[in-house]
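Here the structure comes first, spelled out in C-alpha cells, and everything after it is commentary.
The values are calculated or read from the model by the stated rules, or taken from the named source; none is laboratory data. Quick caveat: nothing in here was measured; it's all calculated off a predicted structure. Note that each Cβ is placed from the backbone with ideal geometry, even for glycine, and that neighbours are counted across all protein chains shown. Ligands, DNA and RNA are stripped out before the accessible areas are found, and what is left, the full protein with its side chains, is counted by its heavy atoms. Shrake-Rupley method; radii C 1.70, N 1.55, O 1.52, S 1.80 Å.
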Protein chains: 2
Amino acid sequence: MTTHDPQIAFWFDFGSNYSYLATMRIEALAAARGVRVLWKPFLLGPVFKASGWSSSPFVLQKEKGAYVWRDMQRQCDKYGLPWTQPGAFPRRALLPLRVALLGAGDAWIGTFCRHIMHANFALDREIDDPALVGDVLTALGLDASALLAAAGTEQNKLALRAQGEEAVRRGIFGAPMFFAGDDMFWGNDRLEDAVDWAVDHVAARIDLA
Amino acid sequence: MTTHDPQIAFWFDFGSNYSYLATMRIEALAAARGVRVLWKPFLLGPVFKASGWSSSPFVLQKEKGAYVWRDMQRQCDKYGLPWTQPGAFPRRALLPLRVALLGAGDAWIGTFCRHIMHANFALDREIDDPALVGDVLTALGLDASALLAAAGTEQNKLALRAQGEEAVRRGIFGAPMFFAGDDMFWGNDRLEDAVDWAVDHVAARIDLA
C-alpha cells in the first residue's frame, strides 16, 4: 500500500513570460507543502491560434504588451529573480519543450526548466538551439546527445503535439496553467492558490498494491 | 503647511467582475497602510472597443469566460465575499458610474460603490436603474433625487466620457487598474502591490500653503 502526495499539474511553455515566474517558484513552493509537481510542457502558439489569435496577446495588444514588460520587471524584483526583456518574443522553444517532455518524470526536470527559462528571460538567448540545450543537459550530468536524439524522434514530436491537443481539450487558453484535481488555475498569480487547493481539496489517493 | 498621504488612483467599472473584488477590498486595505484612494469610475466598453473588441474578453473567449466564473467563486470564497454569477454580463452601469463620478471626492463614495457592486455580483440585480441607485443613495442618508438629477446633466455626462478618454490616453486596457504615481498595476491581483508601491515609492507631497 502506498499513499500519494497531493499533486498539481503545471502546464507551461518556455516562451511564456509568466510561465518563467512560475517555473522559478513552483518546485520549492510545492515541496514546502508536500505537493508533487507534474510538469506539462506544451506549445502555446497553437492554443492561441485555436482562439483565433495569430500571436501572444502581449504582441497583438500594444497597450497590454507595454504593461506586461513593466509588470515583469516589478514582479521579478518582488521575487528576487533576474529579468531582461527578451529581444524576441514569444521565443520559439520547440526543442527544449521536446526535451522537457522526455524528462517530465525525471528528477532533473525542474533544474532543466529553470536553466532554459533563465537563458530566455535573464540572458536573452535563443533557446530553440541544440547547442544551448545540449550545454544545459551536459551541465546537469546528462547524456546530451542521446537526449537530443530522443527528443527529435517522430514519436516524441507526436507526443508533444498530442500534449498540445490535450491542452485545448482541457480548456487551456494561456500559460502558465495549473490543475489541482479538475480545478484549473490560470497564471503565476494563482500558483499559491493552486498549491493550497491541492493540499485542502485533493484527497491523497491510496493505492492498494 | 499640509502633508499629503501617499495615494493610489483606482480605475473601475461596475460591470467588471474583478473590479468587484477590488472595490470591496481597497478602502480597508489602503487605509491600513495610510494610503488615500482616488476613485476613478469609467466606462470600460469604449476602452475594449478601442482595442478592437466588441465586448469583454470573458464573453468573446468561451474558454476564458468559463474559467473566470470558476475563478470568481474561488476568489470570493478566499476573500469571504458573497458571489452570484450575474445573469447579464457585462452589466450596463452608466447611471451608477455617473453618480460615482459626482461623488468621487466625497466620503460616501466607497460605501456607495460597494453597494452597487453587491447588487450586481451578489444579488444579480440590474444596476443601471434609477430606482436601485436612488435606494442606495437614500440608504446612505443622501438626497437621491438631487444626485440623480445632477448625474444626468449634460456636463456630468461629458465628464464621464472625458474620464474614459483619459483612460485610453493613459494606456488603460482593462479594469480594475491602479496607478501609484505613474506606475500602472492591472487587476485585483495587483492591489496589494499597488498599495505597497504607493507607500514605498511615491513620496508624500508637501504643499506650502
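Worth a mention:
- Of the residues making up the stretch A:28-56, those that are in a helix (DSSP H, G or I) and either farther than 24 Å from B:G187 by Cα or open to solvent by less than 20 Å² (accessible area, probe 1.4 Å) (or both) are A:A28, A:A30, A:A31, A:A32, A:L44, A:G45, A:P46, A:V47, A:K49, A:A50.
- Residue in the stretch A:86-96 that is within 11 Å of the chain's Cα centre (by Cα) and in a helix (DSSP H, G or I) present: yes
- Restricting B:T138, B:T111 to residues that are closer than 17 Å to B:Y20 by Cα, away from every other protein chain (no Cβ under 14 Å) and either touching a strand residue (DSSP E or B) at 6+ places or on another chain (Cβ under 7 Å) or open to solvent by 20 Å² or more (accessible area, probe 1.4 Å) (or both) narrows the list to B:T111.
- Every residue from the stretch B:171-196 that is in a helix (DSSP H, G or I), open to solvent by less than 50 Å² (accessible area, probe 1.4 Å) and either at the interface with chain A (Cβ under 9 Å from one of its Cβ atoms) or not β-branched (V, I, T) (or both): B:N188, B:R190, B:L191, B:D193, B:A194
- For the stretch B:96-112, the condition holds for no residue, the condition being that it is farther than 17 Å from B:A9 by Cα, small (G, A, S) and either without any contact (Cβ under 8 Å) to a residue 24 or more places away in the chain or touching a Ser or Thr at 6+ places or on another chain (Cβ under 9 Å) (or both).
- Per the listing B:F112, B:F121, B:F179, B:F173, the residue uniquely modelled with pLDDT under 95 and within 16 Å of the chain's Cα centre (by Cα) is B:F173.
- Between B:K78, B:K157, the distinction of being open to solvent by 50 Å² or more (accessible area, probe 1.4 Å), without any contact (Cβ under 8 Å) to a residue 60 or more places away in the chain and within 21 Å of B:R190 (Cβ to Cβ) belongs to B:K78 only.
- Residue list for the stretch A:115-170, restricted to those being outside any helix (DSSP H, G or I) and closer than 15 Å to A:A100 by Cα: A:I127, A:D128, A:D129, A:L140, A:L142, A:D143, A:G152, A:T153
- Here A:Y67 meets each of (1) open to solvent by less than 40 Å² (accessible area, probe 1.4 Å); (2) hydroxyl-bearing (S, T, Y); (3) in contact with a helix residue (DSSP H, G or I) (Cβ under 8 Å, 6 or more places away or on another chain) with one exception, condition (3).
- Scanning the stretch A:41-89 for residues that are within 21 Å of A:C113 (Cα to Cα), within 14 Å of another protein chain (Cβ to nearest Cβ) and of a type in the set (F, W, Y) yields a single hit, A:Y79.
- Qualifying residue in the stretch A:130-139 (condition: on the phi < 0 side of the Ramachandran plot and in contact with a Lys or Arg (Cβ under 8 Å, 6 or more places away or on another chain)): yes
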